[in-house]
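Asker: Got a structure for you, written out below as structure tokens; questions coming shortly.
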Amino acid sequence: MALILYCATTNLEKLKEFRLALAGHYDVEQVPGISNVAPPEETGATFEDNAALKAVYYSRVCEQPVFADDSGLEVDALSGAPGVYSARYAGDQATDEENNKLVLERMRGVEDRTARFVCVIALAANGELIQTFRGTVEGQLLDHPRGALGFGYDPLFFFPAFGCTFGEADRERKTQISHRGKALQAMLAFLRSTSGM
């Protein structure tokens, strides 16, 4: 019987990827009652800052270790933007489509299309940070979205090894090489090497 690992997310698409990446090792569940807990303000300057902030915050309301992620898109021609503001690039209540549209507007006519997805997972327990884990994947931005799979900036992110965007790749294939998949695998290796967790 797999152990339960609690995650601090209300994003159901992320939850599916967490469960897929850790299948066979941990049953991933949301922090109990997370929808009734006011979320912390993400004031960090880095993905590490925000992931740690969330993990520590939610670990205070859960009796077991909790992990949280902060992830986003870094575009070289935009000096690393949207970065930590990826989810709210076009405004605090922006939709994925609005965020994608703003990135495309700011990249119009730009030749350098190199970009990467970054994910940092933070693990915490009893209000204390245990460890952080980083995963990245390199790719290129298209000038228009392709694919209805995935979420966020996936339809714009072309991954050369697949010959398609993350919005065209199925979840299982994407999770094997994605930023989120890599960070989760690093956390899994840590948990396996740590007694009592």
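The values are calculated or read from the model by the stated rules, or taken from the named source; none is laboratory data. Keep in mind it's a predicted model, so treat the numbers as computed, not measured. Glycine gets a Cβ as well: all are built from the backbone with ideal geometry, and neighbour counts include every protein chain shown. Accessible surface is based on the protein model in full, side chains and every heavy atom, while ligands, DNA and RNA are left aside. Shrake-Rupley method; radii C 1.70, N 1.55, O 1.52, S 1.80 Å.
Asker: Quick one: which of ALA186, ALA148, ALA169, ALA125 is within 17 Å of the chain's Cα centre (by Cα) and either over 24 Å from GLY80 (Cα atoms) or surrounded by 21 or more Cβ atoms within 10 Å (Cβ to Cβ) (or both)?
Answerer: Among ALA186, ALA148, ALA169, ALA125, only ALA169 is within 17 Å of the chain's Cα centre (by Cα) and either over 24 Å from GLY80 (Cα atoms) or surrounded by 21 or more Cβ atoms within 10 Å (Cβ to Cβ) (or both).
Asker: List the number of the failed condition for VAL56; all other conditions in (1) closer than 20 Å to PHE133 by Cα; (2) open to solvent by 30 Å² or more (accessible area, probe 1.4 Å) hold.
Answerer: (2)
Asker: State yes or no: is GLU13 open to solvent by less than 50 Å² (accessible area, probe 1.4 Å), at pLDDT below 95 and in contact with a Gly (Cβ under 8 Å, 6 or more places away or on another chain)?
Answerer: Considered against the rule, which asks whether it is open to solvent by less than 50 Å² (accessible area, probe 1.4 Å), at pLDDT below 95 and in contact with a Gly (Cβ under 8 Å, 6 or more places away or on another chain), GLU13 comes out as no.
Asker: Find the residue count for the range 34-53, including only residues that are under 25 Å from GLY80 (Cβ atoms), open to solvent by 30 Å² or more (accessible area, probe 1.4 Å) and part of a loop (DSSP other than H, G, I, E, B).
Answerer: Going through the range 34-53 one residue at a time, the tally reaches 6.
Asker: Only one of VAL120, VAL31, VAL110 is of a type in the set (Val, Ile, Thr) and open to solvent by 10 Å² or more (accessible area, probe 1.4 Å). Can you tell me which?
Answerer: Unique residue meeting the criteria: VAL110.
Asker: Exactly one condition in (1) open to solvent by less than 70 Å² (accessible area, probe 1.4 Å); (2) at pLDDT below 95; (3) acidic (Asp, Glu) is not met by ASP154; state its number.
Answerer: (2)
Asker: Given the residues ASP154, ASP92, ASP96, ASP170, which is the only one that is of a type in the set (Asp, Glu) and in contact (Cβ under 8 Å) with a residue 24 or more places away in the chain?
Answerer: ASP96
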